[in-house]
Number of protein chains: 4
Amino acid sequence: MIMKLDFASSVPIYQQIRDQIVQAVADGDYLDGDRLPTIRALAGEAGINTMTVNKAYQLLKQEGYIITDRRNGAIVQCSGGRKKAVEKKVNKELELLAAEAKIAGISQEEFLEFCRKAYSG
Amino acid sequence: MIMKLDFASSVPIYQQIRDQIVQAVADGDYLDGDRLPTIRALAGEAGINTMTVNKAYQLLKQEGYIITDRRNGAIVQCSGGRKKAVEKKVNKELELLAAEAKIAGISQEEFLEFCRKAYSG
Amino acid sequence: MIMKLDFASSVPIYQQIRDQIVQAVADGDYLDGDRLPTIRALAGEAGINTMTVNKAYQLLKQEGYIITDRRNGAIVQCSGGRKKAVEKKVNKELELLAAEAKIAGISQEEFLEFCRKAYSG
Amino acid sequence: MIMKLDFASSVPIYQQIRDQIVQAVADGDYLDGDRLPTIRALAGEAGINTMTVNKAYQLLKQEGYIITDRRNGAIVQCSGGRKKAVEKKVNKELELLAAEAKIAGISQEEFLEFCRKAYSG
DNA sequence: GTGGTCTAGACCACC
DNA sequence: GTGGTCTAGACCACA
């Protein structure tokens, strides 16, 4: 698990961690049931505090991406149950992105091509 | 210009203002050369501080969406010149969105349909 | 004795075991004098460590729900002697539950109906 | 706002804070729109860390009891919208409580009387 | 002045 | 050894 953290970014560290783990799960780097690195391990290799990683894991837990248990650490769970909620969020953010793309002169064809690539990975 | 502000949101007010103006421009509510409301007017009707609106306008100016002029206020400028920069940003955010959609069980067809609607919107 | 354990829960496993045994006793699945499964048996079929079950049994013993005997295992004991202590605990927890229910818009009639069902159930 | 914290308890401090605020809201000590004490103020008078209070506030925010905004601090919000979710939680906890009460020899009449008192406050 | 974030270091409950 | 909790102190973004 290689984390690329941008300490200068306004995006909180814990959010960056959360995002990258979500990416990794979507990319198939982590499968359902796989163990995530321990909080201490991840904090150690990233050179950050365990509390920060802990917050990221709690976010993921709360969002349903992982389950944590004291025996096995954090385990990936691709339940796929929260479809409706994610749909809503995705649509809302897509609207703003599409608006910015439109103004910048990106055609619908180009935009949809970007979307296709993003999904296909 | 009706602003819908969510003071409970973690998204800063100035960001919300910026986003809605970008939306309005993309939707054609503002055309190239149109004048945005004055900072004071917008702050007044939204019940917020002029400093907050000012920050939103500075963001928009910095992003190239508007130009400001001490005499004429803020003027929309759909230059469309920053295509490369916007492309980069859009692609980056699309990746995360697509990842979350994929995990939630949203198919590529569904996702692309959302994208299409967001652009046509 | 079928145990439903949620390893993802923040509630400790031993607590979950303890709760379910208390439920079973209250439901009449275990009568005064009945033998509980041995620690080894329960641990085996639940796929957990005997230490964990042991802790649950010690909790139950300490609370007076069972007595343990090296020869006969754990025996249910509905002494009913700790009424005062239980009353205190029940009242304290009811207060918080009632508060949450009230805020959520659950009427007193509804709440009492829930209570009635919980007791009869 | 007088907080009674039990540092010896296994219940986390932030949970105790959360519970007492929920109680206060249900009791009408805080009405919809009222401001909660600032994180610093509450931490100071309770002699605990701001992070701990912060966690309690985030819990309350996440549960929908308050909204926080950088301008006004934390504001109580009795939306009452989450009825179904609260119903489920209340029923689950009532079951265990009723079971313990039953075993302790508390009659249904007594139990319901406790429930009534808890709701009436 | 408000909440939000992060650190470095610590102790605890659980398994 | 795992996650969960807490501290004391700090800095930042926001309004």
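The values are calculated or read from the model by the stated rules, or taken from the named source; none is laboratory data. Because the structure is predicted, anything quoted here is derived from the model rather than measured. Cβ coordinates were reconstructed from backbone atoms using ideal geometry, including for glycine residues, and neighbour counts include every protein chain displayed.
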Of all residues in the range A:75-88, which are exposed (fewer than 15 other Cβ atoms within 10 Å of the Cβ) and more than 7 Å from chain B (Cβ to nearest Cβ)? A:Ser79, A:Gly81, A:Lys84, A:Ala85, A:Lys88
Could you check, for the range D:90-101, whether at least one of its residues is away from DNA strand E (no atom under 16 Å from the Cβ) and more than 7 Å from chain C (Cβ to nearest Cβ)? yes
Scanning the range B:8-49 for residues that are touching a Lys or Arg at 6+ places or on another chain (Cβ under 6 Å) and under 22 Å from B:Arg71 (Cα atoms) gives none
Give me a count of the residues in the range A:109-121 that are farther than 22 Å from B:Gln77 by Cβ and within 7 Å of chain B (Cβ to nearest Cβ). 6
Condition check for A:Ile17: within 14 Å of chain B (Cβ to nearest Cβ), of a type in the set (Val, Ile, Thr) and within 16 Å of DNA strand E (Cβ to nearest atom): yes
Please pick out the residue among D:Ile48, D:Ile17 that is within 15 Å of C:Ala99 (Cα to Cα), crowded, with 17+ Cβ neighbours inside 10 Å and within 16 Å of DNA strand F (Cβ to nearest atom). D:Ile17
Answer with yes or no whether A:Leu60 is within 7 Å of DNA strand F (Cβ to nearest atom) and either under 16 Å from the mean Cα position of the chain (by Cα) or at pLDDT 95 or above (or both). no
Pull out all pairs, ordered by first then second residue, where Cβ-Cβ is under 6 Å, the residues are six or more apart or on different chains, the first lies in the range B:88-102 and is within 17 Å of A:Gln15 (Cα to Cα), and the second is of a type in the set (Asp, Glu). B:Leu96/A:Asp19; B:Leu97/A:Glu93
Can you name every residue in the range C:29-45 that is in contact (Cβ under 8 Å) with a residue 40 or more places away in the chain and surrounded by 14 or more Cβ atoms within 10 Å (Cβ to Cβ)? C:Tyr30, C:Asp34, C:Leu36, C:Leu42
Please give the number of the condition A:Arg71 fails out of (1) farther than 20 Å from B:Glu100 by Cα; (2) assigned to a helix (DSSP H, G or I). (2)
Within the set of pairs 6 or more residues apart or between chains, which connect a residue that is closer than 14 Å to B:Asp34 by Cβ inside the range B:56-68 to a residue that is aromatic (Phe, Trp, Tyr) with Cβ atoms less than 7 Å apart? B:Ile66/B:Tyr57; B:Thr68/B:Tyr57
Answer yes or no as to whether D:Asp19 is under 26 Å from C:Phe111 (Cβ atoms) and part of a loop (DSSP other than H, G, I, E, B). no
For the range B:89-105, does any single residue satisfy the condition of being out of contact with any Asp or Glu (no Cβ under 9 Å at 6 or more places or on another chain), in a loop (DSSP other than H, G, I, E, B), more than 30 Å from A:Gly33 (Cα to Cα) and not charged (D, E, K, R)? no
From the list D:Asn54, D:Asn72, exactly one residue is farther than 29 Å from C:Phe111 by Cβ and at the interface with another protein chain (Cβ under 9 Å from one of its Cβ atoms). Which is it? D:Asn72
Which members of the range D:1-25 meet the condition of being closer than 18 Å to D:Arg35 by Cβ and in contact with a helix residue (DSSP H, G or I) (Cβ under 8 Å, 6 or more places away or on another chain)? D:Met1, D:Met3, D:Ile17, D:Arg18, D:Ile21, D:Val22, D:Gln23, D:Val25
Boolean, C:Ile39 is within 16 Å of DNA strand E (Cβ to nearest atom) and over 18 Å from D:Gly105 (Cβ atoms): yes
